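Visitor: Before I ask anything, let me first share the structure, which is written out below as structure tokens.
The values are calculated or read from the model by the stated rules, or taken from the named source; none is laboratory data. Please read these numbers as outputs of a predicted model, since none were measured by experiment. All Cβ positions, glycine included, derive from the backbone under ideal geometry; neighbour counts span all protein chains shown. Note: areas computed on protein heavy atoms with side chains; ligands, DNA, RNA excluded. Shrake-Rupley method; radii C 1.70, N 1.55, O 1.52, S 1.80 Å.
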Amino acid sequence: MLVASKEIYRSTSTVKVQFRIELLNKIINMQHKSKQEKTTSFDSSFFPECWSDDRRMGVLLAEFRPRQLNIASYDSKMKFWKDLILSSCRESGSSVVSVTTLKERFRRKGTVPYCLNTVFHDMLSKRELCSDNLLKDHGKTGVYGFNLWTVGQLIKTPLVWSYETVRAITGFVNFNESDSYIVKSIAVEHIKIIENVVATHNLQNKTMKFEDFLFILFQSSNITRNGVGPPIIFLEKEKRLTTKSVIIDDTKTFLIKFASIDGIAQPITSIEKSIYEIEQRENRLMEDITSIEHDISQTMEKVRQHIQNGQKQMAKTLLKKKHILEKSMQLKITALDTLQGILQKIHNCQSDKNVIKAYQLGTDALKNVLNTSGITIEQLDNTVTEMKNVLEQHNEMLSMISAVPIDDIDELELELELGDLIDMKLTESNIDKHNISTPALVPPVENRPSNAHDFDTEIEKRLAALRVDIESSKLASNAQ
């Protein structure tokens, strides 16, 4: 009976082991199929139309024949593979390639391209590729899988787009197919993408964590972790960005700052580092306050449940916890207000610095203008004094001119002459001036108007009366 039980146990154990092995194989096969499906879907996006032509691809996948036999065919085949490599890099989001990787990526019906070594040799000779030895992993990777230590080393060692350097490192004839190279034209495209992302998100002259920048970049483009290294190196070499490794809260942090448009990146100063640390602590305080608010809300919900269940002691205990949380939150809010006030003052100082700088520039410009114009205070004083003297002389001349009498005609004589003319006019018209009541042309001295205006008005009245009398006499003559 015991032997039978052991046999049953052994058979059961064997079945379980076999079942586990079969299950594991199924999982592996499913993962392999999923990987193949992803690769097929990925590859189909950039393969040319001739990829489905077996005859054509049989020629393209084979090794190159000597160029002297058919120059046009050789150059056409070389162009095909170069264009395909560029399309593959754009699709994958990385400018880093290797012969081994491309052979697997371009595998067609179990056949890999045997001509890629020749293509790489040609691209290296024309400086379309550069060595990627400096991008090899050393040390621990960062949050997003990018090697931050490697970036620091790359920035210290400038990248040389030189075939001679690559040849000295790898050799021209026999090189390792697993070695990685950088496609220069794709790296330049990625540089433009990074600069567009920086401009779109207003990251110029802003000190930030490198991982935070990677997060923004991966959200805004198809550049991958493997492809972000080369453009970062090139931008650092061209002084379009600057970096600095700092220790914050016993943690090594990699900071990055991009230059302004058409500018040169300035080194990260101690002030910018301090501002970054304050901003990080501000973010942590805000997170802590949000977390405490959530805890208070949950605590109050539990208090209500205990009150409904009649558990007054538990409700009282939770209420004490709520008060403790509220005091802690108030302390953090006070600290947050203090930090925000400090940050605001720092930013105000930066703004005031710019204003003072503008004042200084304006003052210097005004000084230069005054110096170049040759104007001095003595010259200005002499000019003003001379102008005053000339104006005084001019006023005196005007006064003298106005004092000279323009005429010496007596107004009374003019009035008498005007009266005589009127009498002559009446005589010529055969009008008896005794029968026409006309006002005296020249009033007595005592009845004369007191000013020239009243005198002119009186003359106008008499002339008007004269016109009325003449018209009346004409009507009388016609009536006779």
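Visitor: Could you pull the accessible area for residue 250 with a 1.4 Å probe, rounded to 10 Å²?
Guide: The value for residue 250 is about 150 Å².
Visitor: Continuing with this model, one more query. Residues with beta-carbon under 15 Å from that of residue 353, excluding residue 353: net charge, scoring Lys, Arg +1 and Asp, Glu -1?
Guide: 0
Visitor: Determine the alpha carbon to alpha carbon distance for each of 367/388; 302/327; 257/353; 79/109; 257/322 and list only those over 31 Å.
Guide: Too far apart for the 31 Å limit: 257/322.
Visitor: Taking 0.36 nm per intervening residue step and subtracting the Cα-Cα distance, what contour gain separates residue 211 from residue 351 on full extension?
Guide: Full extension of this stretch gives 47.5 nm more.
Visitor: Accessible surface of residue 337 in the full protein assembly, 1.4 angstrom probe, to the nearest 10 Å²?
Guide: 90 Å²
Visitor: Computed over the Cα atoms of the stretch 216-355, what is the convex hull's projected area averaged over all directions, in nm²?
Guide: Taking a quarter of the hull surface, the average projection is 13.6 nm².
Visitor: Any chance you could tell me what percent of the C-alpha pair distances in the stretch 202-290 go past 24 Å?
Guide: Cα-Cα pairs in the stretch 202-290 separated by more than 24 Å: 24 percent.
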